[in-house]
Amino acid sequence: MSVRLETKYLAPFVREEEVDFLFPQVEAAHRLLETANGPGSDYVGWLKLPRDYDKSEFARIKNAAAKIAKGSDVLVVIGIGGSYLGARAVIEAVKSAQYNLKPNGRPQIFFAGSSVSGAALNDVLELCEGKDVSVNIISKSGTTTEPAVAFRVFRDWLVAKYGVEGAKERIFATTDGAKGTLKELAGREGYETFVVPDDIGGRYSVLTAVGLLPLAVAGVDIDALMAGAAQAMDALSVCDKTNDCYRWAALRNILYRKGKTVEVLACYEPDFALMNEWYKQLFGESEGKDQKGIFPASVVFTTDLHSMGQYLQDGRRQLFETVVDVKNPRSDRVIEPAAEDFDGLNYLAGKALSDVNRAAMQGTVLAHADGGVPVLVLEVDSLGEHDLGYLIYFMEKACALSGYLLGVNPFNQPGVESYKQNMFALLGKPGYEAQRQQLLGRLATE
Ligand code: PA5
């Protein structure tokens, strides 16, 4: 098993019979999910994806990745939210947060279109100067402003450098299989396209072409990633109290009902920092609606013990912690003895940094539990492809189940639309004239 839930630090906060009381609701949520009868059930394609994924597209992804890797120094991945976070998170977790500084003969992977910052976009363009570049534009809707603007800029850049025909060979579009502006443009221009399946929403899409193409370009073993997810799919398909995914979902919900409204996901490996961001999107967009939901926060320890440590130990007690305990880090280093113990660190000589990190983790878990923070631990064998595939599926399923336990639709994101409507109106998009007048009036007076 690649992910195990350790609950021994939870004893002062939750009794086992509380899980028993909730279990009928867990079973009901499980049935809703597995029979696709719950709210948002049009979007549960991720549930069987590790088994049912499109094998011929998977082969095409590998071929496209090989082509990109052969002819490019850089792949620019353009996307936002679910169309960006998963790929970046997995590259950093599996390869390194420093991947672009040591890509080991593979293309560097830069991300663009995840903001509307001109400075951020200019930086990526500057980094591409003098290099051979391919672009993967990813947008399910094909109309999201941030990636659409960035793509307009990069498309012009590619055409200026390679000509219209050359640019076509370097643009790969991942979008809806049938409709949308990007799909139409790709058809007209002749870009190779990959599909975001209809029944999979952005934040559940990392194991589709959305994540898989950039991952394959970075040399991530996507077969192993899918195999790990498939193992999780089998292992987590039975609804009983040994299902750690369901236990985590249930315990989160029990803690939420006791006023623990913030979950802090903590990991002691900096390579996990973007997985933290992926988790925040997954759970935040899935649970935060109808004026309900656990607020997902994250930290990387021990780094953030020197910034957030005080609050976590001693601040307002509305939070609980889920620690991702990576048992086998990607690499390690033993601390050598020093002549004359000039820095007083010889008591650490012969220990690996992973031993020191583990002591920090154990000490922190105990201190936080003593400080009134319920702590759950997800033990993960490694951040290798197989184990990460398992963890991704584990979190997706826990998230869907958590949403149903909370009584919300975990697959929509109606709240994300509000800012877009206002932004379109303020920018003068045709069709938004009345809203524009109203907003301008409010901005002048409020
Ligand atoms: O999870 C989601 O659905 C969102 O975060 C989307 O992925 C994000 O808004 C980007 O949408 P699109 O892929 O349509 O450009």
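Values in this text are rule-based calculations from the coordinates and carry no lab data. Remember, predicted model here, so these are calculated numbers, not experimental data. For neighbour counting, all protein chains shown are included, and Cβ atoms are generated from backbone atoms with ideal geometry for every residue, glycine included.
Residue farthest toward the positive end of the dipole of the chain, with Cβ of Lys/Arg at +1 and Asp/Glu at -1: which of Ser382, Pro107, Thr322?
Farthest towards the positive pole: Pro107.
Find out how many positive minus negative residues lie around Ala178, taking Lys and Arg as positive, Asp and Glu as negative, among other residues whose Cβ is under 12 Å from that of Ala178. Could the numbers behind the result be given before it?
On the way: positive: Lys140, Lys179, Lys183; negative: Asp176, Glu184, Asp198.
Within the 12 Å Cβ shell, the charges total 0.
For every other residue with a beta carbon closer than 10 angstrom to the beta carbon of Ala112, add +1 if it is Lys or Arg and -1 if Asp or Glu, then tell me the sum.
Values: positive: none; negative: Asp123, Glu146.
For residues surrounding Ala112, the net value is -2.
Provide the FRET efficiency to the nearest 0.05 for the Gln313-Gln438 pair, computing r from the beta carbons and using R0 = 56 Å.
On the way: r = 47 Å, r/R0 = 0.83.
Calculated transfer efficiency: 0.75.
Using the Karplus equation 6.51 cos²θ - 1.76 cosθ + 1.60 (θ = phi - 60°), what ³J(HN,Hα) coupling, rounded to whole Hz, does each residue of region 273-284 give in order, writing x for Gly and Pro?
For region 273-284, the Karplus-derived couplings read 4, 6, 5, 4, 5, 4, 4, 5, 5, 4, 7, x Hz, x marking Gly and Pro.
Compute, for the chain, the length of the dipole vector about the Cα centre, with Cβ point charges of +1 (Lys, Arg) and -1 (Asp, Glu) only. Units Debye, rounded to 20.
That gives the chain a dipole magnitude of about 1020 debye.
Could you compute the FRET efficiency for Glu18 and Thr145, with r as their C-beta to C-beta distance and R0 at 41 Å, rounded to 0.05?
For R0 = 41 Å, the calculated efficiency reads 0.35.
To the nearest 0.05, what FRET efficiency results for Asp304 and Asn422 with a Förster distance of 41 Å applied to their C-beta separation?
Calculated value: 0.80.
Just to be sure I understand the curve: with the Debye formula and one point per C-alpha of region 47-220, what is log10 I(q)/I(0) at q = 0.14 Å⁻¹?
Log10 I(q)/I(0), no solvent term: -0.66.
Please work out the Cα center distance from region 367-446 to region 261-278, rounded to the nearest Å.
First find each Cα centre; the distance between them is then 15 Å.
How about Lys161: which lysines have a C-alpha closer than 27 Å to its C-alpha, ignoring those fewer than 8 places off in the same chain?
Leaving aside lysines fewer than 8 places away in the same chain, those within reach of Lys161 are Lys62, Lys67, Lys70, Lys102, Lys131, Lys183.
Taking amide H positions as placed in the peptide plane 1.01 Å from N, state which residues far from Leu265 in sequence (5 or more) or on other chains have amide H under 5 Å from it.
Placed amide hydrogens put Ala297, Ser298, Val299, Thr322 under 5 Å from Leu265.
Cα extents of region 286-416 along the three principal axes, largest first, in whole Å?
Extents along the principal axes: 63, 38, 24 Å.
Place a +1 charge on the Cβ of each Lys and Arg in region 47-220 and a -1 charge on the Cβ of each Asp and Glu, then give the dipole magnitude about the Cα centre in debye, rounded to the nearest 20. List each step's numbers first, then the result.
Numbers: 22 positive and 19 negative charges, 85 e Å.
The calculated dipole for region 47-220 is roughly 400 debye.
For the chain, give the share of DSSP beta bridges that are antiparallel, in percent and rounded to the nearest 5; count only bridges with both residues there.
DSSP beta bridges in the chain are roughly 15 percent antiparallel.
May I ask you to list the residues of region 316-342 whose amide nitrogen lies under 14 Å from a point 7 Å from Cα along the Cα→beta-carbon direction of Ala224?
Under cut-off, by backbone N: 328-331.
Going toward the positive end of the dipole of region 153-205, with +1 on Lys and Arg Cβ and -1 on Asp and Glu Cβ, which of Pro197, Gly166, Phe154 do you reach last?
Most positive-ward Cα: Phe154.
Across region 113-121, in residue order, what do the Karplus-derived ³J(HN,Hα) couplings come to in whole Hz, using 6.51 cos²θ - 1.76 cosθ + 1.60 with θ = phi - 60° and x for Gly and Pro?
x, 9, 7, 10, 7, x, 5, 5, 5
Take Glu446, Glu6, Glu269 and order them by how many other Cβ atoms sit within 10 Å, fewest up front. Could the numbers behind the result be given before it?
Values: Glu446 5, Glu6 15, Glu269 22.
Listed from fewest to most nearby Cβ atoms, that is Glu446, Glu6, Glu269.
Residue by residue through region 134-140, what is 3J(HN,Hα) from phi via Karplus (6.51 cos²θ - 1.76 cosθ + 1.60, θ = phi - 60°)? Round to whole Hz and write x for glycine and proline.
My calculation for region 134-140 gives 10, 10, 10, 8, 10, 7, 5 Hz in order.
If I stretch the segment between Tyr162 and Val116 completely, what's the gain in nm (0.36 nm per residue apart, minus their alpha carbon distance), one decimal?
Answer, rounded to one decimal: 14.0 nm.
Among Leu49, Val365, Val262, whose Cα sits farthest toward the positive end of the charge dipole of the chain (+1 at Cβ of Lys/Arg, -1 at Cβ of Asp/Glu, about the Cα centre)?
Leu49
Under 13 Å from a point 7 Å along the Cα-to-Cβ line of Asp343: which residues of region 287-328 have their amide N that close?
none
Report the relative contact order of region 47-220, percent, no decimals, based on alpha-carbon pairs under 8 angstrom and at least 6 residues apart.
RCO, region 47-220: 31 percent.
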